[in-house]
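What follows is a single structure, written as structure tokens, with notes after it.
What follows draws every value from the coordinates through simple rules; no lab data is involved. Owing to the predicted nature of the structure, the values given are computational and were not obtained by experimental measurement. Every residue, glycine as well, gets a Cβ built from its backbone with ideal geometry; the counts of neighbours run over all protein chains shown.
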Amino acid sequence: MSDIFRDVILVRLAIAGITFMEVLKRLFERHFHAPVERVQPLQGQLGGSGRKIIRLSTETISAIGILYDVREENVAFLEFSRHFRRHGLPVPDIYAEDLSHGAYLEEDFGNTTLFEFLSNHRNGASIAPEAVAAYRKVVALLPRFQVEAGRDLNYKVCYPRASFDRQSIAWDLNYFKYYFLRLAGIPFNEQALEHDFSRLTRFLLTASRDYFLYRDFQSRNIMLRPILDQDQPFFLDYQGGRRGALQYDIASLLYDAKADLPPDLRQQLLDHYLDALAGFLDLDRALFMQFYYAFVYVRMMQAMGAYGFRGFYERKEHFLQSVPYALRNLRWLLHNVELPIALPALMEAFKSIVASEKLQGLTSAAEKTEKLTVRVFSFSFHRGLPHDDTGNGGGFVFDGRSLPNPGREERFKTLTGKDQLVIDYLSQQESVRQFLASTISLVDASVTTYQRRGFKHLMVSFGCTGGQHRSVYLAEQLAEHLRAHDGVDVLVHHREQEHLN
């Protein structure tokens, strides 16, 4: 169905003589009555869904364009979005759509995911109060999706299934079996494992399932925006939602592998969620918990299947970076949780997973690459220095105001240091090349020392007059250089540009 729909779209576009990007630009211009000035592909398109996510903007307006060739999924997202907004939930406004070309335009919530916010507010297992507060807001809002908005939602548009039923569960379990267990080389007795799968499925289906199941309720699908000096959550990527049990979504969030929440915080957030849930229905907590960890396991198996398919099968190695965290969660569950049903073959497979030398090798590789996080900022001196959320007091601050300023030339005024014309201009300036070489030399020396001493965070900031051209260019150039280092995780923040969005 998807291939046929894609071919139909391509034929229509070819006949009309337009491109996918022109479809989005037309939607933007029709809605905002202004031409698109900037187009920025976003990293979200590097995930597993295949959707292309593109930011279109002018100097004062920004929107997110989506290109995707699965019509049924697009319809589900659009209808769910309008339904949730009618219930006052923080989801994107849909500005315009052209389903015949697999395109729609939605509200832009900026660049900060809950996962990135958490990463910037933690030091190892120590998580700052700001991040905990953000998670508490998120789990308190979840029952409004599940119960309040779930009561009158049109489940007929759900894709690919209207409920988390026997077929949905079978797909997830087989995904885990064939793409994780098989490809990771984990031994198992297939008949015995199928018996356990059947027993687990029967058990899961006895839980109350008359609620909205978000399906992919995890930290990268939740955005944070500062409103009145408070970081407020906004929600995305619920197009796979369907009718199902309450336990699944909170399990998805709290056992989100790379978020790596400490067990005590997971329990605090689960308690906070249950307190909020009790305001929407007559909650039997003991009955909820009877099913909870079975849903934790089934969600983890779905995620591990995705890691295996994208990582082992499609050779997209960044998906395998989540495996060590999944093993840590799995190890904790094996030591601390006993399910109310016996699943001996499945538990044996889990024990083989955590003991696997192949998967332990992934753990060692991940530990080596995540020793040091370097956060690189661009900013305007008019708005002060960037704040260091890690509690380490800041780091390098380089003043780029002495360098040639592209902002003085009309042709560059609407561009930033990420646009090729500005890049070409600045890279040809000898003073810029010398400045950048000097800063790279200083930062490299600190990176080497920080790694040797086991430090977790380094902050580097580039300032200029407006935080638009020189500082953005310098930050991007340093980030590109640092990404070639082993053991360095690079995060880039263009403060003034993010503020505009």
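Summary of values
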quantity	calculated
Vicinal HN-Hα couplings computed from phi for segment 136-147 (Karplus, 6.51 cos²θ - 1.76 cosθ + 1.60; Hz; Gly/Pro x)	4, 5, 5, 5, 6, 7, 4, x, 5, 5, 5, 9
Projected label distance in nm at residue 133 and residue 480, using a 7 Å step from Cα toward the beta-carbon	3.8 nm
Euclidean distance of C-alpha centroids, segment 185-251 and segment 376-426, integer Å	41 Å
Derived scalar couplings ³J(HN,Hα) [segment 105-118; Karplus, 6.51 cos²θ - 1.76 cosθ + 1.60; whole Hz; x for Gly, Pro]	10, 9, 5, 9, 9, x, 10, 9, 7, 4, 5, 5, 4, 4
Förster radius 51 Å - calculated FRET efficiency between residue 387 and residue 271 (Cβ-Cβ, nearest 0.05)	0.95
Amide H partners (placed H, <5 Å) of residue 104, local residues excluded	66, 98
Extension gain (nm, one decimal) between residue 351 and residue 59, 0.36 nm per residue minus Cα-Cα	99.6 nm
In Hz, Karplus ³J(HN,Hα) per residue of segment 433-448 (6.51, -1.76, 1.60; θ = phi - 60°; x = Gly, Pro)	4, 5, 4, 5, 4, 5, 5, 4, 4, 5, 5, 4, 4, 5, 4, 4
Segment 371-500: relative contact order as a whole-number percent, Cα under 8 Å and 6+ apart	50 percent
DSSP-defined antiparallel bridges as percent of all bridges, the chain, nearest 5	60 percent
Mean Cα-pair separation over length for the chain, i.e. relative contact order, pairs under 8 Å, 6 or more apart, %	14 percent
At 0.692 mPa s and 37 °C, Stokes diffusion of segment 348-483 via Kirkwood alpha-carbon radius, µm² per second	194 µm²/s
Estimated FRET transfer efficiency when R0 is 25 angstrom, pair residue 210-residue 171 (beta carbons, to 0.05)	0.75
Residue 126-residue 29 FRET efficiency (beta carbon distance; Förster radius 45 Å; 0.05 resolution)	0.40
Principal semi-axes in Å for the chain [√(5λ), Cα gyration tensor, largest first]	39, 29, 22
Amide hydrogen neighbours beyond the local backbone of residue 462, cut-off 5 Å, H modeled	377, 378, 379, 398
Isotropically averaged projected area of segment 382-450, using the convex hull of Cα atoms (one quarter of hull area), nm²	6.2 nm²
Amide H partners (placed H, <5 Å) of residue 232, local residues excluded	225, 227
Ellipticity estimate at 222 nm from DSSP helix runs (n ≥ 4, -39,500 (n - 2.57)) divided over the chain, nearest 500	-14500 deg cm²/dmol
Full-stretch length increase - residue 155, residue 380 - with 0.36 nm per residue and alpha-carbon distance subtracted	76.2 nm
